[in-house]
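Engineer: First the structure, then my questions, so here it is.
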Amino acid sequence: MSNPRRELPSVDAVLSHPLLEAVPGPRVLKRRAVREVLSAARNRLTDEDDLNGGQSLIAGAPEALSRSEHGRHDSAVLDSLARAAAARARGLAVPGLRPLVNATGVVIHTNIGRSVLSEAALVAIREAAARYTTLELDLESGERGARLGTVRELLRELTGAEDALVVNNNAASVLLTLSTLAAGREVVVSRGELIEIGGSFRLPEIMARSGARLREVGTTNKTHPRDYEAAIGPDTALLLKVHRSNFVMQGFVADVPLGELTAIGRAHGIPVVEDLGSGALIDLSARIGPEPTARESLAAGASIVMFSGDKLLGGPQAGILVGDRTLIGRLTRDPMTRALRPDKLSIAALEATLRAYLEPERAWEEIPTLRFLARPAAELECAAQSLRASVAEAAPDLEVTVVPTTSRVGGGALPMAALVSAAVALRPRPGAGKVETLEVELRLADPPVLGRVAEGQLLLDVRTLLPGDPEQIVAALKRRSGRTKER
Ligand SMILES: *Cc1c(COP(=O)(O)O)cnc(C)c1O
């Protein structure tokens, strides 16, 4: 038999196949897809040539190839390669970052972009993006102005801080603080607070990268004031407190409350900085659960408090630092701050989000993250009943019910808060396939619909559904029913 590699069609031959002609989008992406598919086929042939002559491996269409008559060989190979390339080209044509329907019941979910922004923030982003702006211009003098002018004032007002700074994200806040205030010196942290949060943020690793030396004190479950006292020496730069955002410790445990820690710090002239993680700006305890606010931490004597912009605050990705004038001033002037600065779109969105907090009732209404978290049970039940009715109609092969469920705050905040919610539960009727398949089908829908599988049902929690989402869910189920009937 001849060398099958030589029989692979040319790029142009595959490119002009009707299957590829039918794919919309720029030719350059189609060409790329064809090259990738041909190169993969060539590699498979190289690897397995001797085993089976390579034929069955071409573009993974074994039956078509082995059944093909000798004369039809080339066209079968071409069809199979074109099919693979067309699928790949379609994949390249869809935007990599696209909206999806969050029916997971997790309000702040890092993998799907954390907080949905308020209308005011969207308007601000649009304006800042489409026009020239006063970003760093002082209109009075005509000279260069401060990038964070108004945001800084708003943060001071909302937290009672002397000064404020904003960087790219909260990991950057921690890195900047440790590097600027403690490089080459020691930072004392309780062993109970050496946390990892999802997505590669591990406190000891950030600490190492900053050049500060980690001085661990206490044990996993108990840290006492005397542990901090004993660790403090001439090399101590900071005492660091880290909010246990995403877990709780129960049982035989003890830690040193912030107020006591700042008293120790004051006695030794050492600043206490707190990584608050999610960081609330208003009291959430009545509607969601107890989460410390930045204002409380400053009132308890912390010199710097840092938190994320896109967790409980409900704004854009940002790292916010508030606190002591002298220390924030040192951070502001550090060259690293220039490298970590937020862009104008984030600043625009953050300012609009912060403004809502000047009137807390407005924040609860306008900021989606807060609104989702506080949605009343009756409203959720009502939304679930309405979704159930249209889903039942769209998918007769599914048993559709409304079940009580619990949503999660997510985003490393209030890990134990179980928010009473309602979900539409989908269970394939006998013979209608597995619930796991249904989950995949909805996840691969356009737009993707994310739910969660529990006890043989796919749960669609309605808490985080946005206007238009119920219609998207119904449309995805209708398309799926159409396909199921064809099969
Ligand atoms: C989320 C979190 C961070 C990291 O914040 P990003 O904004 O994701 O960079 C740091 N520390 C704590 C305690 C957190 O919860």
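Engineer: Quick one: would you say residue 347 is aliphatic (A, V, I, L, M), within 16 Å of the ligand (Cβ to nearest atom) and in contact (Cβ under 8 Å) with a residue 24 or more places away in the chain?
Structural biologist: Yes: the conditions hold for residue 347.
Engineer: Something else: Kindly evaluate residue 329 against the criterion of being within 15 Å of the ligand (Cβ to nearest atom) and of a type outside the set (D, E, K, R).
Structural biologist: Judged against the criteria, residue 329 is not a match.
Engineer: Turning to a different aspect of this structure: For segment 111-120, enumerate the residues that are within 30 Å of residue 29 (Cα to Cα) and either at pLDDT below 95 or crowded, with 22+ Cβ neighbours inside 10 Å (or both).
Structural biologist: Residue satisfying the conditions is 111 alone.
Engineer: Restricting to segment 211-261, and then to whatever is aromatic (Phe, Trp, Tyr) and in a loop (DSSP other than H, G, I, E, B), can you tell me which residue is nearest to the ligand (Cβ to nearest atom)?
Structural biologist: Restricting to residues being aromatic (Phe, Trp, Tyr) and in a loop (DSSP other than H, G, I, E, B), the top hit is 247.
Engineer: Of everything in segment 201-210, what is assigned to a helix (DSSP H, G or I) and either more than 28 Å from the chain's Cα centre (by Cα) or hydrophobic (A, V, I, L, M, F, W, C) (or both)? Give them in sequence order.
Structural biologist: 203, 206, 207, 208
Engineer: Which of the residues spanning segment 176-213 are among the aliphatic types (A, V, I, L, M) and modelled with pLDDT of 95 or more?
Structural biologist: 176, 178, 181, 182, 183, 187, 188, 189, 212
Engineer: Report, by residue number, each residue of segment 294-324 that is in a strand (DSSP E or B) and aliphatic (A, V, I, L, M).
Structural biologist: Once the filter is applied, which keeps residues that are in a strand (DSSP E or B) and aliphatic (A, V, I, L, M), segment 294-324 yields 304, 305, 306, 320, 321, 322.
Engineer: Continuing with the same structure: Output the number of residues of segment 294-320 satisfying the condition of being small (Gly, Ala, Ser) and away from the ligand (no atom under 12 Å from the Cβ).
Structural biologist: Total satisfying the criteria: 8.
Engineer: Taking the condition touching a Pro at 6+ places or on another chain (Cβ under 8 Å) and either crowded, with 16+ Cβ neighbours inside 10 Å or polar (S, T, N, Q) (or both), does residue 421 pass?
Structural biologist: yes
Engineer: What residue, among those in segment 201-210 that are touching a helix residue (DSSP H, G or I) at 6+ places or on another chain (Cβ under 8 Å) and among the hydrophobic types (A, V, I, L, M, F, W, C), is farthest from the ligand (Cβ to nearest atom)?
Structural biologist: 207
Engineer: Moving on. Can you tell me which residue is nearest to the ligand (Cβ to nearest atom) among those in segment 142-200 that are assigned to a helix (DSSP H, G or I) and acidic (Asp, Glu)?
Structural biologist: Within segment 142-200, the match that is nearest to the ligand (Cβ to nearest atom) is 193.
Engineer: Right, something else. Considering only segment 356-374, how many residues are in contact (Cβ under 8 Å) with a residue 24 or more places away in the chain and surrounded by fewer than 20 Cβ atoms within 10 Å (Cβ to Cβ)?
Structural biologist: Qualifying residue count for the region: 5.
Engineer: I'd like to verify a number: residues in segment 320-329 that are surrounded by fewer than 24 Cβ atoms within 10 Å (Cβ to Cβ) and either out of contact with any strand residue (DSSP E or B) (no Cβ under 7 Å at 6 or more places or on another chain) or closer than 21 Å to residue 369 by Cβ (or both), how many?
Structural biologist: 1
Engineer: Quick check on this structure: which one of 173, 190 is buried (at least 21 other Cβ atoms within 10 Å of the Cβ) and either touching a Leu at 6+ places or on another chain (Cβ under 6 Å) or of a type in the set (Phe, Trp, Tyr) (or both)?
Structural biologist: The unique qualifying residue is 173.
Engineer: Also, quick follow-up: How many residues are touching a Gly at 6+ places or on another chain (Cβ under 9 Å) and crowded, with 18+ Cβ neighbours inside 10 Å if we restrict to segment 247-273?
Structural biologist: 9
Engineer: Moving to a separate point now. Any chance you could count how many residues in segment 18-32 are part of a helix (DSSP H, G or I) and not hydrophobic (A, V, I, L, M, F, W, C)?
Structural biologist: 6
Engineer: Can you tell me which residue in segment 262-293 is nearest to residue 159 (Cα to Cα), limited to those that are touching a residue at least 24 places away in the same chain (Cβ under 8 Å), more than 16 Å from the ligand (Cβ to nearest atom) and not in a loop (DSSP other than H, G, I, E, B)?
Structural biologist: 262
Engineer: List the strands (runs of 3 or more DSSP E) that sit entirely inside segment 349-454 and contain at least 1 residues that are among the acidic types (Asp, Glu).
Structural biologist: 398-410
Engineer: Here is a follow-up. Would you be able to say whether some residue in segment 92-106 is surrounded by fewer than 16 Cβ atoms within 10 Å (Cβ to Cβ), part of a loop (DSSP other than H, G, I, E, B), touching a Ser or Thr at 6+ places or on another chain (Cβ under 9 Å) and at pLDDT below 95?
Structural biologist: no
The values are calculated or read from the model by the stated rules, or taken from the named source; none is laboratory data. Predicted model, so just to flag it, every value in this text is computed and none were measured. Counting neighbours? That spans all protein chains shown, and the Cβs are built from the backbone with ideal geometry, glycine included.
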